[in-house]
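Reading through the structure tokens given below for one structure.
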Amino acid sequence: MWRPDDRRFVFVTGKGGVGKTTVAAALACALADRGKNVLVAMCNAKERISSMFASAPVGADLTIVAPRIWAVNICPMRAFEEYGRLLLKAPVLYRPVFRNKYVRSFLPAVPGLSEWAVLGKAWFHTIETDGRGRNRFDVVLLDAPSTGHGLDMLRVPKVIMEVVPPGPLRRDAEKAWAMFQDPQQTSVLVVTMPGELPTTETIQLVGCVAQELLLPLGALVVNAVVPPLFTEAEREALTELDAYDELPAVLRAAVFRAAEERLQAQSLARLTSEIQLERIDLEYLFEEVATPAAIRKLARHF
């Protein structure tokens, strides 16, 4: 069984629109209930975490959103400045550099540098310590960009190690990459939904992570699984009904639901057949998902 409690860093990724942020929030809630200090790091994204925890809005500063749960929405330029402050130590040195308008326009334009600013900051929080020398956070959950951009972000440390000469940037990329490759410290958690396109993209994503990047996969989370109302035989009979527009409204609704269940069953069977990971199914919620009550329901699955 996949144990997120034992990991220091969990990279939550998947196709856009499958509920990665919802999953990250639910997992954070479950881990916090078990006594872990958790950070949910977003990648300069539209902020929804505050609604899920009924907290203050989350920006570029670390914000407590619930007991034992912090969140941050990482801004690449802000991350550049923080990194410069760590390297140069003295504010008198980094301010003229990182607050210069030419530098501020140049840095984000360098391929891969913005991705590393975000990923590097998230990684830094896994090694950040408090005043007593203990890890500030037990687990960092990175709510990653959608599939293509997320994969590009994961590739950046390797690129830095290959092309950047020895120095602080390469040193930190090597340390981060060593952690990301360690299955005792890191997991890539893949989120999907039971549909044809998400299923195809998820199979490709898992293959890329496992075969190209050689990073440790955790579990496959299938979000918004509809509880079946019909047997396979009933679904078959309903989907074969003729004269759909002439059917009573309740029967039309049954036909639609049967078709939805049939597509879901096919997608789940395909995911199980082609992806050899533990599968965690999250039920479809018929209420608003971005609420503390909904997140609590989903947290039970973790």
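First measure r as the distance between the Cβ atoms of GLN211 and ASP242, then evaluate 1/(1 + (r/R0)^6) with R0 = 45 Å and state the FRET efficiency to the nearest 0.05. Show your work: numbers first, answer last.
Numbers: r = 46 Å, r/R0 = 1.03.
Between GLN211 and ASP242 the formula returns 0.45.
Where does helix 113-127 land angle-wise versus the long Cα axis of the chain, in degrees 0 to 90, nearest 10? Around 90 degrees separate the two axes.
Tell me, what are the semi-axes, in whole angstrom and largest first, of the equivalent ellipsoid of the range 183-302 as set by the roots of 5 times the Cα gyration tensor eigenvalues?
On the way: eigenvalues 212, 70, 21 Å².
Equivalent ellipsoid of the range 183-302: 33, 19, 10 Å, largest first.
A simple count of charges around ARG235, restricted to other residues whose Cβ falls under 11 Å of its Cβ and scoring Lys, Arg +1 and Asp, Glu -1, yields -4. Couplings 3J(HN,Hα) of the range 31-38, computed from phi: 5, 5, 5, 9, x, 8, 8, 10 Hz, in residue order, whole Hz [Karplus 6.51 cos²θ - 1.76 cosθ + 1.60, θ = phi - 60°; x for Gly and Pro]. Its DSSP H runs of at least 4 residues, each contributing -39,500 (n - 2.57), put the calculated 222 nm mean residue ellipticity of the chain at -15000 deg cm²/dmol, to the nearest 500. Rounded to the nearest 10 degrees, the angle from helix 196-207 to the longest Cα principal axis of the chain is 40 degrees. Can you figure out the FRET efficiency of GLU162 with ARG132, using R₀ = 35 Å and their beta-carbon distance, to the nearest 0.05? Here the calculated transfer efficiency is 0.40.
To make sure I understand, if each residue's beta carbon is the centre and we count other beta carbons within 10 Å, what order do GLU261, GLU240 fall in, fewest to most? Write down the numbers at each step before the final one.
Details: GLU261 22, GLU240 9.
In increasing order of surrounding Cβ atoms, one gets GLU240, GLU261.
Taking label positions 7 Å along the Cα-Cβ direction at both LEU62 and ARG257, the computed distance is 4.7 nm, reported to one decimal. Which pairs, out of LYS20/LYS297; LYS46/LYS121; LYS36/LYS175; LYS15/LYS175; LYS121/LYS158, put more than 26 Å between their alpha-carbon atoms? Violating the 26 Å Cα-Cα cut-off are LYS15/LYS175. Enter the angle in degrees (range 0 to 90, nearest 10) between the Cα long axis of helix 76-88 and the first principal axis of the Cα atoms of the chain, meaning the one along which they spread out most. Helix 76-88 sits roughly 30 degrees off the main axis of the chain.
Read-outs: derived from the displayed coordinates by stated rules, not from any lab. As the structure is a prediction and not an experimental result, all values here were calculated from the model. Note that we place each Cβ from the backbone using ideal geometry, even for glycine, and neighbour counts take in every protein chain shown.
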